[in-house]
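Below you'll find the structure, written out as structure tokens, and then a few comments.
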Amino acid sequence: MITALNHRERATLRAVAEGHAEISCSCEPDLFIDGLSCCDQSTVHRLARLGLIAPARPGKCGERVPALLTEAGLRALDEVLAVAA
């Protein structure tokens, strides 16, 4: 999985894991880091399509809710951290 993730994707996963992210509830979600819109929405859409990030709870369409790493996202981040160590 690691080889398929670029630097921005890994950084985005770390931000979500650290609790800095909110995600909009939609089929093509937007991500907000520390309240600011993530400038690379294609990265966000790819991570969501791969099932690595998701809303922490249901919400209305367009509503911002906390983002979380899915189990697959946690595994991908663990792999990234293991290689870095």
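The values are calculated or read from the model by the stated rules, or taken from the named source; none is laboratory data. All of these numbers come straight from a predicted model, not from anything done at the bench. Positions of Cβ are generated from backbone atoms using ideal geometry, with glycine treated the same way; all protein chains shown enter the neighbour counts. Protein only, heavy atoms only, side chains kept; ligands, DNA and RNA dropped before computing areas. Shrake-Rupley method; radii C 1.70, N 1.55, O 1.52, S 1.80 Å.
Points to keep in mind about this one:
- Qualifying residue in the range 70-82 (condition: β-branched (Val, Ile, Thr) and in contact with a Pro (Cβ under 9 Å, 6 or more places away or on another chain)): no
- Hey, Leu5 hydrophobic (A, V, I, L, M, F, W, C), open to solvent by 40 Å² or more (accessible area, probe 1.4 Å) and over 9 Å from the mean Cα position of the chain (by Cα) or not: no
- Selection count where residues are in contact (Cβ under 8 Å) with a residue 60 or more places away in the chain and out of contact with any strand residue (DSSP E or B) (no Cβ under 9 Å at 6 or more places or on another chain), scope the range 1-19: 5
- Test: residue in the range 74-82 that is modelled with pLDDT under 95, in contact with a helix residue (DSSP H, G or I) (Cβ under 6 Å, 6 or more places away or on another chain), under 17 Å from Leu5 (Cβ atoms) and of a type outside the set (A, V, I, L, M, F, W, C): yes
- Beta carbons closer than 6 Å, at least 6 apart along the sequence or on distinct chains, pair a first residue in the range 20-34 that is charged (D, E, K, R) with a second that is open to solvent by 60 Å² or more (accessible area, probe 1.4 Å) and part of a loop (DSSP other than H, G, I, E, B) for Asp34/His20.
- Of the residues making up the range 49-85, those that are in contact with a strand residue (DSSP E or B) (Cβ under 7 Å, 6 or more places away or on another chain) and assigned to a helix (DSSP H, G or I) number 2.
- The range 23-48 - residue that is outside any strand (DSSP E or B) and either within 12 Å of Thr70 (Cβ to Cβ) or of a type in the set (Val, Ile, Thr) (or both) and, of those, most open to solvent (accessible area, probe 1.4 Å): Ala48
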